[in-house]
Amino acid sequence: MRKNDTNAPIRVAMISLGCPKNLVDSEKMLANLAEVGCVITPEPADADVVLVNTCGFLQAARNEAMDILAELKQLKDADPRKRIVVAGCLVQREDSGLLQQAPYIDAIVGVHGRQNVAQTILSVTGRMPPRQIDMPAYDPAAIWSDRGRLRLTPRHYAYLRISEGCDQKCTFCTIPSIRGPFRSKQPDEILSEAGELALDGAQEIILIGQDTTTYGQDIGCQAGLAGLLRQLNDVPGVNWLRLMYTYPRQFSDAVIQALADCDRLAKYVDMPLQHISSDVLRRMGRRTDRATVEDLLARLRQAVPGLAIRTTFIVGFPGETEPQFAELLAFVEQQRFDAMGVFAYSRESGTPAAKLPEQLAEDVKQQRVERLMLAQQAIAFQAAAATKGNAFEVVVDGPADQPGRYTARHSRQGPEVDSVTLVQSSQPLRPGDVLQVRCTGSKGYDLLATTVQAAKGHPGSKRKK
């Protein structure tokens, strides 16, 4: 917006932090901004307003957000006309306290005010009456539509949120206090959104939510997640479905069978287990135990041969003993997960776990993170090396680190969180291209491959006639 020109379009830059659920919110905010005439620019330095959609789940995420805001302050110091608007989970946790920590912020919008971001930006640029704080109350009946987004992901894949909030009440987690209780989107809304995303070129759809396995229980949808997966399996143009953020206690036999039956559903599941010691799981409020988890993993692998399982664990939880950590370490070495993340326990104010005795020292937590990740690294490197010589289908995500090399994924590799397949090709490839490759080796966690068949349409099993 040029000085003294209130008719010029407002230029807005978006910085989106955190998980894919936050990314969906960012995409919807961008669409709303475009609808009111704002121009989206990729560079904060070129923007009249910088909108930061924050994560506030862990202290590390809050630190990242505050570091970015400090950098934006420098831009604002150089050009006092620039405005900074902050939205998302950090705002929901800190409320007006964020303005005290960073008084250079012009306005804040909580997670329940997503639909008001455009009006807030019009406000801070003088197009509407002033409004610095937008923290609407949680509406228990509301779960917004995510249709009509301005997507930030590559065209060939997209995230589809099927639920919001969480009722699991894990003792370490702040999500219920930030996002509210669990609520499902109506199936018709999800199917409409999936169809819209497919028409926009998203042939791989990743299903997300704080807890996807509880889908439908709050709205009387008896078919639940299993029924939704079967319906999505028939959406035209959707060739890969990917299931993320499942909760082990809620993983039903019907969902397992849907994973086995649905030909467009990638044989892949993301299921954060958090720990395996029954005592630690109890103190985490996970409402499950080791025997139940092991039984579930066995049933999944028996019903879906070749299933890729991605998981995450928390180490250093209050009271975690060395024998309990050793139990987790041995469990990981036994189960040989396809992908795994490890987090050091973060003591979050307002959570029950923050009040537990026997809080562990940070150096102990970090040592356990390293030991568990080294165990998983050995497993992952062995699995990658064993893939040499195999032929399989991949989808191209984009160019890689050297000429003629491209980043791609097979069906057991999720975007942005997993390892990749680095494909060497003598022919130019485009994002979304699909081709047959043969693995020639590995580079750390990643596979190396060469093409054996030219690029074609996006992957997906041939439909039964």
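Here is the result for segment 397-443: no trypsin sites (Lys or Arg not before Pro) lie in DSSP coil with at most 10 other C-beta atoms within 10 angstrom of their C-beta.
Derived scalar couplings between HN and Hα for segment 227-232 equal x, 4, 4, 5, 5, 5 Hz in order, rounded to whole Hz, by the Karplus curve 6.51 cos²θ - 1.76 cosθ + 1.60 (θ = phi - 60°), x for Gly and Pro.
Pairs exceeding 24 Å between alpha-carbon atoms, taken from Lys169/Lys267; Lys21/Lys169; Lys185/Lys456; Lys28/Lys185; Lys21/Lys456: Lys169/Lys267; Lys185/Lys456; Lys21/Lys456. Taking amide H as placed 1.01 Å from N in the peptide plane, the amide H of Gly88 sits under 5 Å from that of Thr54, Val109, Val111, each at least 5 places away or on another chain. Amide H contacts for Thr311 (H built 1.01 Å from N in the peptide plane; partners 5 or more residues away or on another chain; cut-off under 5 Å): Met271, Ala339, Met340, Gly341. For Asp167, the amide hydrogen comes within under 5 Å of the amide hydrogens of Phe182, counting only partners 5 or more places away or on other chains and with H modelled in the peptide plane. Summed over all non-identical Cα pairs, the Kirkwood treatment of segment 212-340 gives a radius of 15.6 Å.
Over every Cα atom in segment 385-448, the radius of gyration and the widest Cα-Cα span, Dmax, amount to 10.5, 28 Å. Taking every DSSP beta bridge that has both ends in the chain, the antiparallel portion is near 35%. Computed over segment 281-332, the range of Cα coordinates on each principal axis works out to 37, 21, 15 Å, biggest value leading. Here the accessible area of the chain is 51 percent carbon and sulfur, with a 1.4 angstrom probe and all protein chains present. Across segment 230-300, counting alpha-carbon atoms alone, Rg and Dmax equal 14.2, 46 Å. Over the chain, with the other protein chains present, what is the accessible area per residue in square angstrom, probe 1.4 angstrom? Averaged over the residues of the chain, the accessible area is 43 Å². Over all Cα atoms in segment 174-280, the spread is summed up by Rg and Dmax: 14.4, 48 Å. Taking trypsin sites (Lys or Arg not before Pro) across segment 1-106, the ones in a DSSP loop with at most 14 further Cβ atoms lying within 10 angstrom of their Cβ are Arg2, Lys3, Arg81.
The values are calculated or read from the model by the stated rules, or taken from the named source; none is laboratory data. The shown structure was predicted, so the numbers you read here are calculated from the model rather than taken from an experiment. Cβ: placed from backbone, ideal geometry, glycine included. Neighbour counts: every protein chain shown. Just so you know, the surface numbers come from the protein's heavy atoms only, side chains and all, with ligands and any DNA or RNA stripped out. Shrake-Rupley method; radii C 1.70, N 1.55, O 1.52, S 1.80 Å.
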